[in-house]
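K.L.:
The following block contains the structure, expressed as structure tokens.
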Amino acid sequence: MLLTKFSLKRQITLLMLYTVIILFSFFSLSQLKIDFFPDITFPFAGVITSYSGVGPDDIETLITRPVEEAVSSVKNIEKVSSQSSKGNSIVTLEFKYGTDMDKAENDIRKNLDYIRDYLPADATEPLVFVFDPR
């Protein structure tokens, strides 16, 4: 009842109050930053190693398993999956969102350096890459 009486007696005051609120709203809206293309880094990395002339079973034993064991100790890994085919080994790493992928890539390379001497001499050096769709 008090609000109703005040509104009827002081119409100009309420009109000014509404005008200030609307102007403040438009000013706030104009200052709002909208990013249509936010910076998204996909938390996926991969390690590819080739060893030509060798079957999938030997690739898995000689290359894929040691690479999986070496990279599985990197922080923030959620899932490690691999695919061994004739002459190729592909190990895919899925990280938690928000992981610094540059640091993760360096950690993967560092861990692969530890097993480099245990990989076959004829195998190519493991290639580490981070998925970046840009």
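K.L.:
Exactly one condition in (1) touching a residue at least 60 places away in the same chain (Cβ under 8 Å); (2) of a type outside the set (K, R); (3) out of contact with any Asp or Glu (no Cβ under 9 Å at 6 or more places or on another chain) is not met by F37; state its number.
P.N.:
Evaluating F37 over (1) touching a residue at least 60 places away in the same chain (Cβ under 8 Å); (2) of a type outside the set (K, R); (3) out of contact with any Asp or Glu (no Cβ under 9 Å at 6 or more places or on another chain) leaves (1) as the failure.
K.L.:
What number goes with the only condition from (1) within 31 Å of the chain's Cα centre (by Cα); (2) assigned to a helix (DSSP H, G or I) that F36 does not pass?
P.N.:
(2)
K.L.:
Another question about this same structure. If S73 satisfies every condition in (1) surrounded by fewer than 12 Cβ atoms within 10 Å (Cβ to Cβ); (2) over 23 Å from the mean Cα position of the chain (by Cα); (3) among the hydroxyl-bearing types (S, T, Y) but one, which is the exception?
P.N.:
Single failed check for S73: (2).
K.L.:
Here's something else I'd like to know. Can you find even one residue in the range 57-67 that is part of a loop (DSSP other than H, G, I, E, B), assigned by TED's automatic domain parsing to the domain that holds I108 and within 32 Å of the chain's Cα centre (by Cα)?
P.N.:
No.
K.L.:
In the range 7-63, what count of residues is obtained for those that are surrounded by fewer than 11 Cβ atoms within 10 Å (Cβ to Cβ) and acidic (D, E)?
P.N.:
Count: 3.
K.L.:
So, in the range 76-92, how many residues would count as being of a type outside the set (G, A, S), in a loop (DSSP other than H, G, I, E, B) and either in contact (Cβ under 8 Å) with a residue 60 or more places away in the chain or surrounded by 14 or more Cβ atoms within 10 Å (Cβ to Cβ) (or both)?
P.N.:
1
K.L.:
Which count do you get for residues in the range 104-134 that are assigned to a helix (DSSP H, G or I), in contact with a helix residue (DSSP H, G or I) (Cβ under 8 Å, 6 or more places away or on another chain) and buried (at least 16 other Cβ atoms within 10 Å of the Cβ)?
P.N.:
Residues meeting the conditions: 3.
K.L.:
Which residues, taken from the range 103-124, are of a type outside the set (A, V, I, L, M), touching a residue at least 24 places away in the same chain (Cβ under 8 Å) and either touching a strand residue (DSSP E or B) at 6+ places or on another chain (Cβ under 8 Å) or farther than 22 Å from D57 by Cβ (or both)?
P.N.:
Listed by number, the residues that qualify are E105, D107, N111, Y114, T124.
K.L.:
Right, something else. Considering only the range 3-21, I want to know if a residue exists there that is modelled with pLDDT under 90 and under 30 Å from P120 (Cα atoms).
P.N.:
No, the range 3-21 contains no residue that is modelled with pLDDT under 90 and under 30 Å from P120 (Cα atoms).
The values are calculated or read from the model by the stated rules, or taken from the named source; none is laboratory data. Only a predicted model underlies this, so the values are computations on that prediction, with no experimental measurement involved. Note: ideal-geometry Cβ built from the backbone for every residue, glycine included; neighbour counts use all protein chains shown.
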